[in-house]
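Below is one structure, written out as structure tokens; the observations come after it.
The values are calculated or read from the model by the stated rules, or taken from the named source; none is laboratory data. Being a predicted model, the structure only gives us computed values, none of them experimental. A quick note on method: Cβ atoms are made from the backbone with ideal geometry, for glycine too, and the neighbour counts reach across all protein chains shown.
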Amino acid sequence: MKFPRFGKSRADEAPAAPGSATPESQRLCPQCGATISTRAKTCMNCGADLVAIAKAEEAQAKAIAREQRVEAAQRPTRIIVFVFTAVVVVVFVAIIVQSTRQSAIAALTPTVTRTPTRSIILPTATSRASATPTGTPTPVPPLEYTVKNGDTPGRIALLYDLTVPELMGYNGKAEDDVIVVGEVMKIPPPTPQPTGTATAAPGTPTPPPANEVLYTVQPGDTLSGIAQKFDVPMSRIQERNTIQNIQSLQVGDQLVIPVAPTPTFMPGPGASSASATTPTPQVQYPPVKLLTPLDREIFIGGSSPILLQWLSSGILQPGELYLVEVDRPGAGAISFRTRATSYHLLTDQYPAADDANRAFKWRVMIVRQAGTGNDQAPTFRVVSPVSESSFEWLDKVPTATPTAAPRPGSRPAVEPSTTPTPTAVL
């Protein structure tokens with residue numbers, strides 16, 4: 001007796017019948033779509049060569065696979081090239097934007113031409129017209145001047161009202177020694193001169209007290225300039241003359257200038273110290289720092305406006321503004337209020353070609369609205385010291401005029417000042 005093999009049934013081991021046939025797998029002809037055997041090499045219906053068609057399809061599949069492999073291999077390189085190109089484009093655009101911005105700024109900024117013969121910053125002269133007594137002068141340190149191209153000992157001495165022996169001797173040099181560009185020369189400080197006592201002008205009406213000065217407004221005068229000339233707060237002049245609008249001054253007006261110190265009211269018996277007040281408001285802001293133009297700077301030509309800039313000395317409160325004044329001898333003064341820290345002096349203020357007065361003075365101060373006048377226009381009080389500077393607006397570059405060297409021991413001629421001297425009435 002035979003046992004069947006493990007895992008197989010008797011039906012599997014039974015031999016196939018002699019007349020039975022195993023069914024073949026079939027497929028479709030790629031040419032005509034007829035059903036054919038998978039082992040057929042030629043379609044019986046259309047006669048297509050199935051072997052050639054199969055080889056062509058296989059070659060096409062290999063080509064597609066090859067292209068996909070090449071594409072996958074080149075993908076990182078393409079990404080790197082794309083990123084690099086994007087970075088280059090961004091940098092190029094940034095360079096163009098920056099250059100355009102700088103060109104715009106340069107177009108708005110006036111061209112400043114500096115000449116070695118005139119653009120020297122000299123020490124600001126102190127006004128000699130003062131009705132207040134002066135104390136013991138404080139020793140002034142010597143000034144320093146850096147030699148520039150074209151400078152000579154005679155020219156430097158002429159600028160500071162010295163003789164060549166005085167200048168060279170103060171620096172430990174002989175009169176015929178050579179100076180070089182970049183050398184620092186020490187300038188001796190001016191010797192203080194005693195001031196004379198002002199006398200009363202004949203025909204002066206109703207003389208004020210001895211601690212006050214009567215002043216007549218001259219062409220080009222401003223209230224801030226008069227206050228700076230007498231070293232008196234502008235608010236005191238306003239209160240003494242009951243000036244509501246600081247821009248209402250007229251040529252020929254007479255102002256009483258209080259030159260005595262501001263009195264301080266002391267509390268009486270039984271009063272607290274907090275009740276002590278002063279008749280004038282205290283200055284609440286430091287002086288405004290002027291940036292451009294530099295003092296005594298020179299501009300050539302009237303094709304571009306001049307930019308006046310200053311540095312803010314604090315955060316302005318509501319009702320507070322910057323008061324800017326620009327004046328020139330022989331021309332009307334410009335006065336305006338703004339909250340900005342710059343102003344463009346337009347080309348219509350450029351002096352005419354035949355106008356010899358080309359020196360401008362400009363000053364900035366902080367004012368606060370104090371109320372309204374009779375015409376309902378706002379009135380202002382100054383709450384900061386006055387900051388002043390000057391510049392020249394020429395039509396062409398000045399040429400140096402050759403002058404004879406001063407003789408030893410002589411002093412160069414100095415033109416007298418044309419500034420009107422105020423008359424003190426005692």
Legend entry - Residue count for segment 146-200, restricted to those that are modelled with pLDDT under 85 and among the polar types (S, T, N, Q): 6
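Got a number for residues in segment 359-373 being crowded, with 18+ Cβ neighbours inside 10 Å and either among the charged types (D, E, K, R) or outside the structural domain of Ala227 (by TED's automatic domain parsing) (or both)?
At the first step, the residues of segment 359-373 found to be crowded, with 18+ Cβ neighbours inside 10 Å are 360, 362-368.
Those left that are additionally either among the charged types (D, E, K, R) or outside the structural domain of Ala227 (by TED's automatic domain parsing) (or both): 363, 368.
Selection size over segment 359-373: 2.
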Legend entry - Those residues of segment 323-373 which are at pLDDT below 85 and part of a strand (DSSP E or B), in sequence order: Phe336, Ala370, Gly371, Thr372
Legend entry - Matching residues in segment 166-189 - criterion: being in contact (Cβ under 8 Å) with a residue 24 or more places away in the chain and crowded, with 18+ Cβ neighbours inside 10 Å: Met185, Ile187
Inset, instruction - Kindly indicate whether any position in segment 14-26 is at pLDDT 85 or above and either assigned to a loop (DSSP other than H, G, I, E, B) or basic (Lys, Arg) (or both). - result: no
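Which members of segment 298-316 meet the condition of being of a type outside the set (Gly, Ala, Ser) and touching a helix residue (DSSP H, G or I) at 6+ places or on another chain (Cβ under 7 Å)? Steps first, answer last, please.
Within segment 298-316, the subset of a type outside the set (Gly, Ala, Ser) is 298-300, 305-311, 315-316.
Scanning segment 298-316 gives a single hit, Pro305.
Residue-by-condition table, conditions (1) in contact with a Pro (Cβ under 8 Å, 6 or more places away or on another chain); (2) of a type in the set (Phe, Trp, Tyr); (3) modelled with pLDDT under 90; (4) surrounded by 10 or more Cβ atoms within 10 Å (Cβ to Cβ):
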position: Gln31; (1), (2), (3), (4): no, no, yes, yes
position: Thr42; (1), (2), (3), (4): no, no, yes, yes
position: Leu50; (1), (2), (3), (4): yes, no, yes, yes
position: Ala59; (1), (2), (3), (4): no, no, no, yes
position: Thr77; (1), (2), (3), (4): no, no, no, no
position: Ser99; (1), (2), (3), (4): no, no, yes, yes
position: Ser127; (1), (2), (3), (4): no, no, yes, yes
position: Pro133; (1), (2), (3), (4): no, no, yes, no
Inset, instruction - Name the single residue, out of those in segment 335-348 being in contact with a strand residue (DSSP E or B) (Cβ under 7 Å, 6 or more places away or on another chain) and touching a residue at least 40 places away in the same chain (Cβ under 8 Å), that is surrounded by the fewest Cβ atoms within 10 Å (Cβ to Cβ). - result: Arg337
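Quick one: would you say Arg381 is part of a strand (DSSP E or B), in contact (Cβ under 8 Å) with a residue 24 or more places away in the chain, assigned by TED's automatic domain parsing to the domain that holds Leu223 and touching a helix residue (DSSP H, G or I) at 6+ places or on another chain (Cβ under 7 Å)?
Numbers: part of a strand (DSSP E or B): yes; in contact (Cβ under 8 Å) with a residue 24 or more places away in the chain: yes; assigned by TED's automatic domain parsing to the domain that holds Leu223: yes; touching a helix residue (DSSP H, G or I) at 6+ places or on another chain (Cβ under 7 Å): yes.
The answer is yes for Arg381.
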Legend entry - Candidate set from segment 301-333 (those that are under 13 Å from Thr222 (Cβ atoms) and acidic (Asp, Glu)); member that is farthest from the chain's Cα centre (by Cα): Asp327
